[in-house]
1. Do we find that L104 is crowded, with 20+ Cβ neighbours inside 10 Å and closer than 20 Å to R68 by Cα in this structure?
2. Checking D119 against (1) charged (D, E, K, R); (2) closer than 28 Å to E66 by Cβ; (3) modelled with pLDDT of 95 or more: exactly one of these is not met. Which one?
3. Tell me, yes or no, whether region 145-165 has at least one residue that is surrounded by 15 or more Cβ atoms within 10 Å (Cβ to Cβ), farther than 21 Å from P91 by Cβ and not basic (K, R).
4. Can you name every residue in region 120-144 that is of a type in the set (A, V, I, L, M) and crowded, with 23+ Cβ neighbours inside 10 Å?
5. When the residues of region 147-191 are filtered to those that are outside any helix (DSSP H, G or I) and not basic (K, R), which remaining residue is nearest to R115 (Cα to Cα)?
6. Just wondering, is there one or more residues in region 111-123 that are closer than 20 Å to L199 by Cβ, of a type in the set (F, W, Y) and in a helix (DSSP H, G or I)?
7. Across region 90-110, what is the number of residues that are hydrophobic (A, V, I, L, M, F, W, C) and not in a helix (DSSP H, G or I)?
8. What pairs come up if the first residue lies in region 66-85 and is touching a residue at least 40 places away in the same chain (Cβ under 8 Å) and over 12 Å from Q96 (Cα atoms), the second is among the polar types (S, T, N, Q) and in a loop (DSSP other than H, G, I, E, B), and their beta carbons are under 7 Å apart, counting only those six or more places apart or on different chains?
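The values are calculated or read from the model by the stated rules, or taken from the named source; none is laboratory data. On a predicted model such as this, the values are computed, not experimentally measured, just so you know. Using ideal geometry, Cβ is built from the backbone for each residue, glycine included, and neighbour counts are taken over all protein chains shown.
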Amino acid sequence: MGSFRLILLGLLVAVIQGCCYSRPSHQCSNASKNTAALEGEINSDIDPYTEDSIVILEALIAHIAELREQGDIDGALSLSYSTENRFGSDPLLLCQRSSILESLGRLDEAEVDGRKTIDLWPAGYVYMSRFYTRHGDNIKANQMITRGLRDSRVLDDKQLQAQLHFLKAKHLVEKDDLNEALAECQIAIGLVPAVKVTLLGELKKLRMTISQRLEEKDE
């Protein structure tokens, strides 16, 4: 996997975790291509399954992000759809477009793109669980967590497991099921060293909150 692909994967993870991400402009010279040049690449005869096409796809995804940052939402969406038509569905592209559509209040469309991501990359379970939580649908949010923890792709990824157990713990706290929430926190923390430092910090903070509430109940 190329270095810029890893950067874009980082972008997707950042969106999933609800973090702010700013793509360094020096990371890929292709990203500086203007829209007309990139649209020319879309209309070229290049095989969409070659290494060269992946480079072009990455440049297009980066440029879509630039258009969004510049406030050209219509341009970003238009380029996103034409890119998918040319190169097929890509988890980065779908997650990026889902985020744009969500910001516009077009939640049904955002949901469709977000759910498509799951088939292509299992981190989509985390993204969609957070999506549903943001919009008050805790039933669907929990369904995403349950499905994710049963998915063999997630079982091969301790980082994703930890994130899903963390989200499950937060939902259990909301239901005041503190003992179960504490158990979920312990499971996630037990996945160290796979858990990133930032997530580990969130987990320990949540565990402390749960423990304090349990002590208050015992008094």
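1. Details: crowded, with 20+ Cβ neighbours inside 10 Å: no; closer than 20 Å to R68 by Cα: yes.
Against the criterion (crowded, with 20+ Cβ neighbours inside 10 Å and closer than 20 Å to R68 by Cα), L104 does not qualify.
2. That leaves (3) as the condition not met.
3. Checked region 145-165: at least one residue is surrounded by 15 or more Cβ atoms within 10 Å (Cβ to Cβ), farther than 21 Å from P91 by Cβ and not basic (K, R).
4. Going residue by residue through region 120-144, those that are of a type in the set (A, V, I, L, M) are 120, 123, 126, 128, 139, 141, 144.
Matches in region 120-144: A123, V126, M128, M144.
5. Within region 147-191, the subset outside any helix (DSSP H, G or I) is 151, 156-157, 175-177, 190-191.
Adding the requirement that they be not basic (K, R) leaves 151, 156-157, 176-177, 190-191.
Details: D151: 14, D156: 20, D157: 19, D176: 29, D177: 28, G190: 29, L191: 26 Å.
Among those that are outside any helix (DSSP H, G or I) and not basic (K, R), it is D151.
6. no
7. Initial filter on region 90-110 (hydrophobic (A, V, I, L, M, F, W, C)): 92-95, 100-101, 104, 107, 110.
So of that shortlist, the ones also not in a helix (DSSP H, G or I) come out as 104.
Counting residues in region 90-110 that are hydrophobic (A, V, I, L, M, F, W, C) and not in a helix (DSSP H, G or I) gives 1.
8. Taking only residues 6 or more apart or on different chains, not a single pair turns up.
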